[in-house]
Amino acid sequence: GAGVSQSPSNKVTEKGKDVELRCDPISGHTALYWYRQSLGQGLEFLIYFQGNSAPDKSGLPSDRFSAERTGGSVSTLTIQRTQQEDSAVYLCASSLAEGAGPQHFGDGTRLSIL
Amino acid sequence: QQQVKQSPQSLIVQKGGIPIINCAYENTAFDYFPWYQQFPGKGPALLIAIRPDVSEKKEGRFTISFNKSAKQFSLHIMDSQPGDSATYFCAASIGGSNYQLIWGAGTKLIIKP
């Protein structure tokens, strides 16, 4: 597609369940970023991929959060045993390479934990 | 020292006015300062960016002013329109890179018709 695609656009789940969020970056973009945006707040960096490798996982808030990227393309962010404080919009961005050009964002997945 | 402080939190301006959004930083190693625009339900989109070797950059109605000695930079929107109503984020990074941008908290801008 022409832009970064994220799915689902909305996800409502019960506390304690696991969720998977998907990101399809722009074709040819080797760098991929995950952010979390709480209501009315700025963006919180979670993790960054260059190709399939994640040089920086420092932003992941706990060991319940994990992410992978396969084939240098699609990435999945997994949150295990969700908590209410995980409720937020999860944004994915991609760029040509780390540091090369702007980050292009998807429209995010709005996650609500009941 | 890694923070970027953005103000105001919200701003209401009449159509045609010039909203100004300010950001301040402490880390002198920052050397790339972008502004992003975010509409409700959408991801942020790069609006304009500046590096510290210039004091001002214009793109259309949007201008970044940069004051290196004060460690401040600001966004001005000339001849503002209702369609400019959005949340604006400043950010900063090291190495002239988009990697691990440090984000301001955002300014919700409303342009009244």
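The values are calculated or read from the model by the stated rules, or taken from the named source; none is laboratory data. As the structure is a computational prediction, the values presented were derived from the model and not from experiment. Ideal geometry is used to build each Cβ from the backbone, glycine not excepted, and the neighbour counts take in all protein chains shown. Keep in mind that these areas ignore ligands, DNA and RNA; they rest on the heavy atoms of the full protein, side chains included. Shrake-Rupley method; radii C 1.70, N 1.55, O 1.52, S 1.80 Å.
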Seminar exercise, completed: In region B:43-63, anything farther than 29 Å from A:Cys23 by Cβ and either open to solvent by less than 10 Å² (accessible area, probe 1.4 Å) or outside any loop (DSSP other than H, G, I, E, B) (or both) is listed as B:Glu56, B:Lys57, B:Lys58, B:Thr63
Exercise. Scanning for something more than 10 Å from chain A (Cβ to nearest Cβ), under 30 Å from A:Ser7 (Cβ atoms), touching a residue at least 60 places away in the same chain (Cβ under 8 Å) and β-branched (Val, Ile, Thr), does region B:2-16 turn up at least one residue?
Worked result: no
Exercise. Does any residue of region A:31-41 turn out to be part of a loop (DSSP other than H, G, I, E, B) and crowded, with 18+ Cβ neighbours inside 10 Å?
Worked result: no
Seminar exercise, completed: Expected single match for open to solvent by less than 20 Å² (accessible area, probe 1.4 Å) and at pLDDT below 95 among A:Leu96, A:Leu60, A:Leu46, A:Leu77 is A:Leu46
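Inside region A:45-72, can you point out the residues that are within 11 Å of the chain's Cα centre (by Cα), in a strand (DSSP E or B) and within 14 Å of chain B (Cβ to nearest Cβ)? Talk me through it step by step, then tell me what you get.
Taking region A:45-72 as the starting set, the residues that turn out to be within 11 Å of the chain's Cα centre (by Cα) are A:45-49, A:60, A:65-69.
In the following step, the residues that additionally are in a strand (DSSP E or B) were identified as A:45-49, A:65-69.
The answer is A:Phe45, A:Leu46, A:Ile47, A:Tyr48, A:Phe49.
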Exercise. Here are some conditions: (1) over 11 Å from the mean Cα position of the chain (by Cα); (2) of a type in the set (S, T, N, Q); (3) surrounded by 13 or more Cβ atoms within 10 Å (Cβ to Cβ). B:Gln2 meets all but one. Which one does it not meet?
Worked result: (3)
Exercise. So how many residues does region B:1-25 have that are out of contact with any strand residue (DSSP E or B) (no Cβ under 8 Å at 6 or more places or on another chain) and either at pLDDT 95 or above or under 26 Å from A:Ser9 (Cβ atoms) (or both)?
Worked result: 1
